[in-house]
Structure formats: structure tokens, C-alpha cells
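Report on one structure; see the data block that follows.
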Amino acid sequence: MDKLEIKEGKNTPHIIFDPAGNRFSVAGKSFPENAKKFYEPILSWLDQFSPSGNIEFNFVLYYISSSSIISILEIIRKLDKINSSNTSITINWCFEEDDDDIKKIGEDYQRISKLNINLIAN
Amino acid sequence: MKEIFDNRFSALEACFASDKHEIIQAHKGEWTHEDVESFVFDLESKLLEKGIKKGIAKRMFSLIIEALQNIRLHGERDENGVQQSFYFIALKPDRFTVITANVILNRVIEKVQTRIEKINELDKAGLKEYYMDTLTDGQRSSKGGAGLGFITVAMKAKNKIDYDFSPIDGNKSKFEMSCDILLTGEE
């Protein structure tokens, strides 16, 4: 499957989903005015994604608006569906050690999702 | 309609001046999404320059983004198609006060008021539960919002939301919202 890469914008994260390179990352800040529109191609890409083996998705965000929180939850829900007996998906939710806000968002996702979500303080 | 917003903006400016409260940032009139980016990055710089704790600065950043994007998403327009609105961020000895105003349709006032009243009645745990229920439900409106705006403002402010609806005409009112973020205490 082709790589998906979206360069970082003023209010949008750098996104790279690269199956061949086994690299899956959402990094930076996310507060686009229309989060639904921004994350649409990412969700569409995930609809076609059929991995096997162990996959780690790394989220390294330092600001997330409320509408982006919902969009990222949509990503996590898609990953929930992809996770199966052939595939083990792990999410690494990274945050700065003193950033309680981002940590709490990760904790919220842990409550909602069945995936293994690691909270990693940098 | 512009006059209503201009007069109120001037009145608030005078009020802050007479109380010797510093206006950190204020803007009157419609703003673009590029303006929102510019405002919040400028705000972040100013707060850090003033030595405001990183946690407080981050909460202010979050709150203002939510407030300004909400107004862009939901604020109605005047008779000339302009999205009349304003906001203030004022620094008082122990807190920031954020005030925003936009045009609202009279027929949605009850819904907005009910939502804010519900949020104001909740304690910290209750607010978190309401936030989680809304997040998990995740239903987006036709405008792309999902009901987290006011909840997020209240969670970031860690205080009640004060509000006022002032009639403009038979269809529309001015909706003004205010909240405080304490400089001390739990971050």
C-alpha cells in the first residue's frame, strides 16, 4: 500500500503512514479550523490499510483542539477495527513530562479504546 | 448591529483602563482562520514573555483557540454579511479574564443557555464525565462541531462561564461570554 505523508502546517501535524518503512506517526500540533476535512484523507487511507504483524502508531502532539481530539479518536477507532488475530496494533501516546493536558487526552483514549495505548513521557 | 458591538467594545476597553487592568489582547470585527493562528501564537509569546507559568499559558492558548474557532463556526452575520464579534483578554492581579461576543440567532438561545447552565452546575468530576460522554458519542453537527467547545472552555478555565444575551432585533441577539483563569492554584 502507498505511503501517506502530509507535511506539517501552521496548525496541522506532520503525518506519515509508511507500511514499507514500518513508520506510523502523527506529530506536532493539531488545531485546523475544519478538523473533519483535514483528517478525512487519513481516515480514508486507514479504510484501505490491511496490515499484519506488529505495528506501532506514534502520536507526538503538543497541542490538540477539541475537534482534533474527536478526529484522532476516529483514527483510533479505525485502528481498533483493523486490530485482529493477524495484526497487533499498539499506540504510543507521547507527551512532555510536564504536559498534563496531552497526557490526560491519552488517558481518555485508553478508557475508550481496546487497543494497547502506552503513555510515554519524554 | 456594528454599532452595538463597537459601543460594547469601547465600554469594556474603558472599564479595563479605569480598573488599570492590562489588556493583553483584544480584537473587534470578523477574523479569518489565519487571524486566529496569528492571534494565538502572538498570545503564547506574550504570556511566556510575561513569565506566566507554562501550564497556564497553554490553557489560555487552548481556551482562546476554542473560543475564536467557535465564533468563526457559529457566529451569525449582520445585515451586511459581516460576522460581528470581539474578544478581550485582560490581566488582573490574580487572573486572566476572557470575554468574547458574537451574534446569535434568537431561536438557538435556549439551547445555548441550557448547555452553559448544565456545564456550570457540574463539579470537576461531573464536567469530565460530560466531556467523556460527548467525546465518545462524537456526533458532528452540519457545521463540523461536536459540542465540545463550551465544555473545553469550562475545563480550561476551571471556572464558571458567565454569559449574557442582549436582543438586537426580532431574529438575532448579541451573545457575550466571559470566564476567568486564575494565575495561582491547581494547573
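The values are calculated or read from the model by the stated rules, or taken from the named source; none is laboratory data. Not measured: the values here are computed from a predicted model. Ideal geometry is used to build each Cβ from the backbone, glycine not excepted, and the neighbour counts take in all protein chains shown. What goes into the accessible areas is simple: the full protein's heavy atoms, side chains included, and nothing from ligands, DNA or RNA. Shrake-Rupley method; radii C 1.70, N 1.55, O 1.52, S 1.80 Å.
Go from 0 up to the bin containing the longest alpha carbon distance in the stretch B:1-90, width 10 Å each, and give me the % of pairs per bin.
15, 43, 34, 7, 0
Can you put B:Arg59, B:Arg115 in order of accessible area, largest first, using a 1.4 Å probe? Spell out each step's value before the answer.
Working: B:Arg59 10, B:Arg115 85 Å².
Correct descending sequence by accessible area is B:Arg115, B:Arg59.
Could you report the protein assembly as shown's accessible area per residue, 1.4 Å probe, as an integer in Å²?
On the way: 14770 Å² over 309 residues.
Each residue of the protein assembly as shown exposes 48 Å² on average to a 1.4 Å probe.
Would you list which aspartates and glutamates come within 16 Å of A:Lys36, measuring only between C-alpha atoms, while excluding same-chain residues fewer than 8 positions from it?
Counting by Cα, and skipping residues close in sequence, A:Lys36 has these aspartates and glutamates nearby: A:Asp47, A:Glu74, B:Glu66, B:Asp137.
Based solely on C-alpha atoms, express the radius of gyration and the Dmax of the stretch A:18-62 in angstrom.
According to the Cα coordinates of the stretch A:18-62, Rg and Dmax are 12.1, 36 Å.
Taking the Cα centre of chain B as the origin and placing charges on Cβ (Lys, Arg +1; Asp, Glu -1), which of B:Gln25, B:Ile64, B:Gly51 is farthest toward the positive end of the dipole?
Of B:Gln25, B:Ile64, B:Gly51, it is B:Gly51.
Could you please state how large a percent of the accessible area of chain A is carbon and sulfur, counting protein chains only and using a 1.4 Å probe? Intermediate results must be reported in sequence, preceding the final value.
Working: 2460 of 5850 Å².
Carbon-and-sulfur percentage of accessible area, whole number: 42.
On a 1.4 Å probe surface of the protein chains, which of A:Trp93, A:Trp45 comes out largest in accessible area, and what is the full order?
Numbers: A:Trp93 5, A:Trp45 25 Å².
Largest accessible area first, the list is A:Trp45, A:Trp93.
Report, by chain and number, residues whose modeled amide H sits under 5 Å from the one on B:Lys92, excluding near sequence neighbours (fewer than 5 apart, same chain).
The list, which skips near neighbours in sequence, is B:Thr97.
Counting other Cβ atoms within 10 Å, keep those with at most 12, restrict to DSSP loop, and tell me which GluC sites (Glu not before Pro) in the stretch B:18-125 are left.
Passing both the DSSP loop test and the Cβ count: B:Glu79.
Tell me the total accessible area that A and B bury against each other, 1.4 angstrom probe, in square angstrom rounded to 100.
Details: alone 7000 and 10120 Å², together 14770 Å².
For A against B, buried area totals roughly 2300 Å².
Where the Cα atoms of the protein assembly as shown are projected onto their three principal axes, how long is each span, largest first, in whole Å?
Rounded to whole Å, the extents work out to 65, 42, 36 Å.
Rounded to whole Hz and in sequence order, give me ³J(HN,Hα) for the stretch B:160-165 from the Karplus expression 6.51 cos²θ - 1.76 cosθ + 1.60, θ = phi - 60°, writing x for Gly and Pro.
5, 9, 8, 8, 7, 10
Can you pull the accessible area of B:Lys172 for me, 1.4 Å probe, Å² to the nearest 10?
Taking all protein chains as shown, B:Lys172 has close to 40 Å².
Taking a 1.4 Å probe, which of B:Met1, B:Met132 shows the most accessible area, and what order do the others take after it? Mind showing how you got there, number by number?
Working: B:Met1 35, B:Met132 10 Å².
The most accessible residue leads, giving B:Met1, B:Met132.
Positive end of the dipole of the stretch B:1-87, charges at C-beta (+1 Lys, Arg; -1 Asp, Glu), about the Cα centre: which of B:Met1, B:Phe16, B:Phe86 has its Cα farthest in that direction?
So the residue we want is B:Phe16.
Measure out, as a whole number of angstrom, how far apart the alpha-carbon centroids of the stretch B:28-101 and the stretch A:1-64 sit.
What the calculation gives is 28 Å, centre to centre.
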